[in-house]
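K.L.:
Questions regarding the structure given below will be posed in turn.
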Amino acid sequence: MSDQHRRRRREEEERQRELERRRRIARQRKRRRQVMRRRLILASVGLVLLLAAIIAGVVTIRGKIAEKKAQEAKEKKQQEEEATRLEEENNTLHMVAVGDNMIHDAIIQAGKKNDWNFDFLYENIKKDIENADVAFVNQETPFVKSHSAVAGYPDFATPTEVGDALAAAGFDVVTHATEHIFDQGSDGIINSVSFWKKNYPEITRLGIHSDEEEKNYEIRNVKNFKIALLNYSTLLSENHKIEKDETYMINLYSEKNVKADLEAAKEEADLTIVTLHGGKSDSAEPDEKLLDRVSFLSEQGADIILCSHPHILKGYELLTREDKGKTLVYYSLGNFASGQTALENLLGGMADITIKKNADSGKISIEDYSLVPLVMHYNSDFSEAGIYKLSDYSEELASEHASRKQNTSEEEEDGDDQESDDGEEDTDTGFSLRALEKAADAIGELKDGKTQEDDTEDKESADEDSENN
């Protein structure tokens, strides 16, 4: 092989090697571009996924934030609603009051047979008493410590277990300024005061004192209310005389005392309640003297007046004072517990009152008021006895009442037939459910101390006089 031929061959081989090198470089570049493309695609996909994850995370976080905010807003609304509800509740006062707790001999004997426990008297209305924010009762008779000293009418001496039963029933305020509080002299008052102080200091005792320095009123804080409580008697049993140095032991009514006490009490309280022992038992309407005393109390700023003593139920009224304020008065809540026999003495009442306080101004307003009729039930031997709401009383219970036989006997002796308004013979002149309901229906809201019917009659009479003149 010639040198020229070998040279050409080498040149060809070099050219082929160069081509191969270039092809290899081209393939490597192509592979790198493909790898880069794949990497870019993967990176793009990864970035997209990352962005999607970020977006999803942001959405999730925003969702959780929104959910948290919604929950927080819900909880805040619930808290605000609960705060509003609590404020409304704490600015709403529900109170009840009942009449005279007269512990006659028959009741004493019934308690004695029951191991000196008198809870049976109040168990039927206990829930109504407990559910009230403030519950009042007038304890007509004084307490004595010894069972051997207990007595009924005329000089009452009541076992302290009656006080235990009143506390167990849920009463918060017990008034003692009554006609019979001096039936056992100063000892009866001292025993009554010490009983409440020692055993139930949380119960407000009104109207009597063992300490000459005690104020004639008490302040009781209930919810958002600061209540001034005052209790006076306009009379005492004629069988007893108070010594001059014992007059401080009972709050006796006088305009001078009342005016001074109310003026001082109103400085400390935003609601003033006066319980007044007085009035006559000859009519379901208040007598003139009681009306005058109520009017005086009202003009001194009393917001609520609860009257006791007549032993019969009387009407109630919302008075407007000269200062444009309102005074709610119950002229008599009748008997609460007693051993009396007449239907009118066995039909009592429970005042049911709702009072509101304006959260901003602090102004007090009487929101609602009514009278719930009560019945004192007992059979011939007092083995079944207790106070019922008339709405819970039955004809079966009425037929077993011990007074029914007595009233029926009296009617038979009288011999006069009585007729009802519809012309039919009225067979419910004695003790019966219908007679109780009829008597309760006759007691209602008054105007100027009179029933609406009386107002109509007075107007008609005035019109007739005008025509005649």
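K.L.:
Please state which of the following conditions residue 361 fails to meet, knowing it meets all the rest: (1) part of a strand (DSSP E or B); (2) loosely packed, with under 15 Cβ neighbours inside 10 Å.
P.N.:
Every listed condition holds for residue 361 apart from (1).
K.L.:
May I ask you to verify whether residue 280 is in a loop (DSSP other than H, G, I, E, B), at positive phi and open to solvent by 10 Å² or more (accessible area, probe 1.4 Å)?
P.N.:
In short, no.
K.L.:
Give the stretch 304-324 a look and list any residue that's more than 16 Å from residue 337 (Cα to Cα) and touching an Asp or Glu at 6+ places or on another chain (Cβ under 7 Å), or say none.
P.N.:
Of everything in the stretch 304-324, those that are more than 16 Å from residue 337 (Cα to Cα) and touching an Asp or Glu at 6+ places or on another chain (Cβ under 7 Å) turn out to be 314, 315, 316, 317, 321, 322.
K.L.:
Just for the stretch 300-343: of the residues that are modelled with pLDDT under 95 and of a type in the set (Asp, Glu), which one is most open to solvent (accessible area, probe 1.4 Å)?
P.N.:
322
K.L.:
Given the condition under 15 Å from residue 232 (Cα atoms), at pLDDT below 95 and not hydroxyl-bearing (Ser, Thr, Tyr), answer yes or no: does some residue in the stretch 256-273 qualify?
P.N.:
Yes, there is a match, as at least one residue in the stretch 256-273 is under 15 Å from residue 232 (Cα atoms), at pLDDT below 95 and not hydroxyl-bearing (Ser, Thr, Tyr).
K.L.:
When only residues in the stretch 107-131 that are outside any helix (DSSP H, G or I) and open to solvent by less than 10 Å² (accessible area, probe 1.4 Å) count, which is nearest to residue 336 (Cα to Cα)?
P.N.:
Among residues in the stretch 107-131 that are outside any helix (DSSP H, G or I) and open to solvent by less than 10 Å² (accessible area, probe 1.4 Å), the one nearest to residue 336 (Cα to Cα) is 122.
K.L.:
Something else: Within the stretch 89-103, identify whether any single residue is in contact (Cβ under 8 Å) with a residue 40 or more places away in the chain and over 30 Å from residue 367 (Cβ atoms), and answer yes or no. Full working, then the answer.
P.N.:
Quick first cut of the stretch 89-103, residues in contact (Cβ under 8 Å) with a residue 40 or more places away in the chain only: 89-103.
Restricting the remaining residues to those that are over 30 Å from residue 367 (Cβ atoms) gives 102-103.
Looking for residues that are in contact (Cβ under 8 Å) with a residue 40 or more places away in the chain and over 30 Å from residue 367 (Cβ atoms), one finds at least one in the stretch 89-103, hence yes.
K.L.:
Against the definition (touching a residue at least 12 places away in the same chain (Cβ under 8 Å) and buried (at least 18 other Cβ atoms within 10 Å of the Cβ)), how does residue 222 come out, yes or no? Talk me through it step by step, then tell me what you get.
P.N.:
On the way: touching a residue at least 12 places away in the same chain (Cβ under 8 Å): yes; buried (at least 18 other Cβ atoms within 10 Å of the Cβ): no.
Against the criterion (touching a residue at least 12 places away in the same chain (Cβ under 8 Å) and buried (at least 18 other Cβ atoms within 10 Å of the Cβ)), residue 222 does not qualify.
K.L.:
Tally the residues that are free of Cβ contacts under 8 Å to residues at least 12 places away in the same chain and open to solvent by 40 Å² or more (accessible area, probe 1.4 Å), restricting the search to the stretch 244-275.
P.N.:
Matching residues across the stretch 244-275 total 6.
K.L.:
Can you name every residue in the stretch 259-305 that is under 23 Å from residue 208 (Cα atoms) and among the small types (Gly, Ala, Ser)?
P.N.:
260, 264, 265, 269, 278, 279, 298, 301, 302
K.L.:
Further, regarding this structure: Name the residue that is modelled with the highest pLDDT, counting only residues in the stretch 428-469 that are among the basic types (Lys, Arg) and under 12 Å from residue 285 (Cα atoms). So that I can check it myself, show each step before the final result.
P.N.:
First, pick out the residues of the stretch 428-469 that are among the basic types (Lys, Arg): 434, 438, 447, 450, 459.
Then drop every residue that is not under 12 Å from residue 285 (Cα atoms), which leaves 447, 450.
Details: 447: 89, 450: 85.
Result: 447.
K.L.:
In the stretch 285-296, is there at least one residue being part of a helix (DSSP H, G or I), surrounded by fewer than 22 Cβ atoms within 10 Å (Cβ to Cβ) and of a type in the set (Ser, Thr, Tyr)?
P.N.:
Here is the first cut: in the stretch 285-296, the ones part of a helix (DSSP H, G or I) are 288-296.
This time we only want the ones that are surrounded by fewer than 22 Cβ atoms within 10 Å (Cβ to Cβ), so: 288-289, 291-292, 295-296.
Pick out the ones that are also of a type in the set (Ser, Thr, Tyr) and you get 295.
Scanning the stretch 285-296, I find at least one residue that is part of a helix (DSSP H, G or I), surrounded by fewer than 22 Cβ atoms within 10 Å (Cβ to Cβ) and of a type in the set (Ser, Thr, Tyr), so the answer is yes.
K.L.:
Tally the residues that are part of a loop (DSSP other than H, G, I, E, B) and within 24 Å of residue 235 (Cβ to Cβ), restricting the search to the stretch 195-210.
P.N.:
3
K.L.:
If you scan the stretch 139-193, which residues turn out to be part of a helix (DSSP H, G or I) and open to solvent by 10 Å² or more (accessible area, probe 1.4 Å)?
P.N.:
Those that are part of a helix (DSSP H, G or I) and open to solvent by 10 Å² or more (accessible area, probe 1.4 Å): 147, 148, 149, 161, 164, 167, 168, 185, 186, 187, 190, 191.
The values are calculated or read from the model by the stated rules, or taken from the named source; none is laboratory data. Just so it is clear, the structure is predicted and the values come from calculations on it, not from any experiment. Quick reminder, even Gly has a Cβ in these numbers, built from the backbone with ideal geometry, and neighbours come from all protein chains shown. Areas reflect the complete protein model, heavy atoms only, side chains present, ligands, DNA and RNA absent. Shrake-Rupley method; radii C 1.70, N 1.55, O 1.52, S 1.80 Å.
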